[in-house]
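The values are calculated or read from the model by the stated rules, or taken from the named source; none is laboratory data. Note that the coordinates shown come from a computational prediction; the quantities given were computed from them, not determined experimentally. Neighbour counts run over all protein chains shown; Cβ positions are idealised from the backbone, glycine included. Ligands, DNA and RNA are stripped out before the accessible areas are found, and what is left, the full protein with its side chains, is counted by its heavy atoms. Shrake-Rupley method; radii C 1.70, N 1.55, O 1.52, S 1.80 Å.
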Amino acid sequence: MEWWINMPKVELHAHLNGSIRNSTLLELAQELDKKGTVVFSDFEHVIRKNDRSLREVFKLFDLIHMVTTDHQTIARITKEVVEDFAAENVVYLELRTTPKGNDSIGMSKRSYVEAVVEGFRSASSSLDINFSLNDLEKCPARTGKMIYVRLLLSIDRRESTAAAMETINLALEMKDMGVIGIDLSGNPNVGEWATFLPALKFAKEQGLPVTLHCGEVPNSVEIQEMLDFLPGRIGHACCFEDEEWRKLKSSKIPVEICLTSNIRTETISSMDVHHFGNLYKANHPIVLCTDDSGVFSTNLSNEYALASSTFGLGKAEMFQLARKAVDYIYAGNAVQKELIKVFESAAETLEYN
Ligand code: 6MZ
């Protein structure tokens, strides 16, 4: 694994609450169990389980959200998630999370996002971290790992048009805090595309890039409508039919590929038939991502190693794949240029054979 860990990587599809360390999740559940708020054994049972259907995954998220309710916990999990990605040489992370309000503890969608930003800030005690809108702002050089972090705000498919619109407005207001785009996610069997379209159109008009979870379950009509929207990127693309592949390939929309997630949730039957192989051969823009590193017990280095062994791709090809991901980030040209330098310097030191 060492080589894959040493290789610089770009992560563009990681959900905050899906990327929590198991140890942290168990600790939080234990604390709330003592207070009588949750039952610890419910957590232990689901957390320690390896195979999860898509339906079970969303039940798990409901459980996770029961222990990550307060600002302090949101800041803590964010800090740890950033540290974990940086530790495996992820040099650019676009983290995504669904802003949540909770009147009983005085949490608004805005204060939720502020807690995430606080988590970024506290990660900077051990890391060189850049999460400012001002792409040119550089942290004073330290000896630790360097990582650029940006935030996408997610709209959950359970939300109404008004709630989705609130998230877009929040993203626009918080641009100077590193919020750079919008994601549509949540249980793909819930909600209608038409509900989110007005808000997503508004985001696009305002210059906010949008990424969509697309085709995680079969739904031809929705997939076609999503592709017609021309999002900046899409995630998953598991259940496409011929016409949708054709449309995707002609659109050149980059696809965020989450191998382990797709296998664990059984949206793809086995690794060897995963569409990564086809899209890679077709030279379609793709980027390997973790989705939910905590929930699926993986990390980005592991996803690269897995793609390499499954599809017979060598280290040089995988390095090029990681490098190409820089083209699909939502941060501006200045960050792209810095990242290209990081890859160029790694190319000189990493052994390929
Ligand atoms: C669709 C997913 C997902 O936002 O609370 N999420 N949505 N498909 C997936 N594939 C497995 N994995 C995670 O992180 C958790 C939320 O991210 C979305 C779901 O809405 C989940 O509740 P945040 O930080």
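Check each of the chymotrypsin sites (Phe, Trp or Tyr not before Pro) in segment 291-353 and keep only those in coil by DSSP with at most 12 other C-beta atoms within 10 angstrom; list them in order.
Tyr352
Assuming R0 = 45 Å, what is the FRET efficiency of Asp176 and Ala316, from their Cβ-Cβ distance, to the nearest 0.05?
After rounding, the FRET efficiency stands at 0.70.
In the chain, which helices (entire DSSP H runs) extend 15 Å or more along their own long axis, judged by Cα positions, while averaging at least 0.0 on the Kyte-Doolittle scale?
Counting only whole DSSP H runs, the qualifying helices are 54-67, 161-173, 193-205, 300-311.
Quick check: pseudo-label points 7 Å beyond the Cα along Cα→Cβ at Tyr352 and Ser220, how many nm apart are they?
Placing both labels 7 Å beyond Cα along the Cβ direction yields 4.3 nm.
Less than 16 Å from a label point 7 Å out along the Cα-to-Cβ axis of Val273: which backbone N atoms in segment 198-220 qualify, by residue?
In segment 198-220, the label zone of Val273 (backbone N under 16 Å from the point 7 Å along Cα→Cβ) covers 217-218.
How much length is gained if the chain between Lys59 and Arg246 is pulled fully straight, taking 0.36 nm per residue apart and subtracting their Cα-Cα distance, in nm to one decimal?
63.9 nm
Run the quick spin-label model on Ser104 and Ser345: label points 7 Å from Cα toward the beta carbon, then report their separation in nm to one decimal.
5.0 nm
For the pairs Lys175/Lys201; Lys59/Lys145; Lys252/Lys281; Lys35/Lys100; Lys204/Lys252; Lys201/Lys324, flag any whose C-alpha to C-alpha distance is greater than 25 Å.
Lys59/Lys145; Lys201/Lys324
Starting from the Kirkwood Rh over alpha-carbon pairs, what translational D in µm² s⁻¹ does segment 9-51 have by Stokes-Einstein at 37 °C and 0.692 mPa s?
The diffusion coefficient I find is 281 µm²/s.
At 1.4 Å probe size, with every protein chain present, just tell me what the per residue accessible area of the chain comes to in Å².
42 Å²
Hey, which aspartates and glutamates would be in cross-link range of Lys34, C-alpha to C-alpha under 15 Å, not counting anything within fewer than 8 residues on its own chain?
Asp42, Glu44
Within the chain, what percent of beta bridges assigned by DSSP are antiparallel, to the nearest 5?
5 percent
Order Thr69, Thr167, most accessible first, counting only protein heavy atoms with a 1.4 angstrom probe.
My answer, sorted largest first, is Thr69, Thr167.
Want the number for Ser41 to Asp228: 0.36 nm per residue separation, take away the alpha-carbon distance, what's left?
Taking 0.36 nm per residue and subtracting the Cα distance, the gain is 62.8 nm.
Counting only protein heavy atoms and a 1.4 Å probe, tell me what percentage of the chain's accessible area is made up of carbon and sulfur.
50 percent
For Glu205 and Ser309, compute 0.36 nm times the residue count separating them, minus their Cα-Cα distance, and round to one decimal in nm.
Value of the extension gain: 33.3 nm.
What three numbers, in Å, describe the spread of the alpha carbons of the chain along their principal axes, ordered from the longest?
Extents along the principal axes, in whole Å: 54, 51, 42.
Please return the longest stretch of the chain lacking exposed loop sites, where trypsin sites (Lys or Arg not before Pro) count only if DSSP places them in a loop and at most 14 other Cβ atoms lie within 10 Å.
Here the longest run is 253-353.
Could you tell me the center-to-center distance, by alpha carbons, between segment 77-98 and segment 296-346 in angstrom?
For segment 77-98 versus segment 296-346, the Cα centre distance is 15 Å.
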